[in-house]
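Here the structure is laid out as structure tokens; the discussion comes afterwards.
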Amino acid sequence: MTSPACTGPEAARQALDQIDAVREAVRRHPADLALATTAAEVREARKQGKIAALLALEGGHMIANDLSVLRSFAALGVRYMTLTHSVNDEWADSSGDKPVHNGLTDFGKDVVREMNRLGVIMDISHVSDKTFYDALETSKAPMIASHSSCRALCDHPRNMTDDMIKALAAKGGVIQINYYIAFLSQEFRNATQAHPEIQRQIDEEVKKLCEGKGKGEACQLIEGNRLVREAVAQGKLPRVGWEKIIEHIDHAVKLVGADHVGLGSDFDGSDVPYGMDDVTHLPQITEALLRKGYSESDIRKILGENTLRVMAEVERVSRELNAAKAN
């Protein structure tokens, strides 16, 4: 992920730095890590007791409006990309910005087609509703929402409406539930909207703590999360428990079935609910779904099999498109 405020060649350069960092980590720790570029490689890494590292771009701004850059990233192993981040890029509207393109531009549709050909999964988290439907219509492969929750339970533009979830599933896609408390809890969202001064105070304090100290976005995320926790502890904002994650999973499953729901987390920088502080707490989700009567088969799908199915299908579509082009 690079800041959406960073665009053009600099965004591409920063993305390259991060790709290199992951590849170097894999090179230095071959006993523990494996770079996975296919669903089969993910499964093989698991068999060997390794962590499968997948490369992704959070924001299409990182391709610098250039399909050759997209092709280069794919050659380096990038296997999924959100079309936007939290603001519009030059060819797609974001859910976090005022619309200027009415969804995808013609170039944006070319990006979608090239992602299909390259075998790069379309990730529609962060995009506007219109961009979502444009991408869905253009893509020949299923898509994922890598970290989005259900708008029916928490009315936030980053979440998906029931109709969007149904449309995603109809094309074979998967919604992967986000753990960010502002996307999980309507009560929390209402409180932040009713008291914007709380967020302003947090933002000002983060600025004092991080600005001009060379600490960058990591400092802002860490300090911002800490200050939100303090506001909750002081009773200024409501406490959100991890059980909200189960509510969103269950809503989506009841809507489209267990074949189209997964886990998205967003541990890397969001305010997560109490009781789901890190990956060591993930077994609680399995236990909660078992208590609700979910079968072990459906739970395995939600825990990752669904996403691997999409990955394999995107690979198949890529092979077909390339074969057709060769002929």
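Please treat every number below as a calculation from the coordinates, not as lab data. Quick caveat: nothing in here was measured; it's all calculated off a predicted structure. In this analysis, Cβ positions are derived from the backbone assuming ideal geometry, glycine residues included, and neighbour counts consider all displayed protein chains.
Please get the size of the charge dipole for the chain, origin at its Cα centre, with Cβ charges of +1 on Lys and Arg and -1 on Asp and Glu, quoted in debye to the nearest 20. Mind showing how you got there, number by number?
Working: 40 positive and 48 negative charges, 146 e Å.
For this selection, approximately 700 debye.
How do 188, 107 rank when sorted from fewest to most other Cβ atoms within 10 Å of their own Cβ?
107, 188
Kindly provide the helix-only [θ] at 222 nm of the chain, computed as the sum of -39,500 (n - 2.57) over DSSP H runs of four or more divided by all residues, to the nearest 500 deg cm²/dmol?
One gets -15500 deg cm²/dmol as the mean residue ellipticity at 222 nm.
Counting other beta carbons within 10 Å of each Cβ, put 154, 6 in order, fewest first.
By the 10 Å Cβ count, ascending, the order reads 6, 154.
Over segment 58-326, what is the percentage of antiparallel beta bridges among all DSSP beta bridges, to the nearest 5?
Given both bridge residues lie in segment 58-326, the antiparallel proportion sits at roughly 15 percent.
Restricting to Cα atoms and excluding each atom paired with itself, what does the Kirkwood estimate give for segment 58-326 in Å?
19.5
Specify which residue in the list 279, 30, 125 is farthest towards the positive end of the charge dipole of the chain, using unit charges on the beta carbon of Lys, Arg (+1) and Asp, Glu (-1), about the Cα centre.
The Cα lying farthest towards the positive end belongs to 30.
When we measure straight from the Cα of residue 244, which lysines land under 20 angstrom away, once same-chain ones fewer than 8 places off are left out?
236, 254, 292, 301
What order do you get for 44-52, 93-101 when each peptide is scored by the mean count of other beta carbon atoms within 10 Å, highest first?
Most protected by this proxy first, the peptides run 93-101, 44-52.
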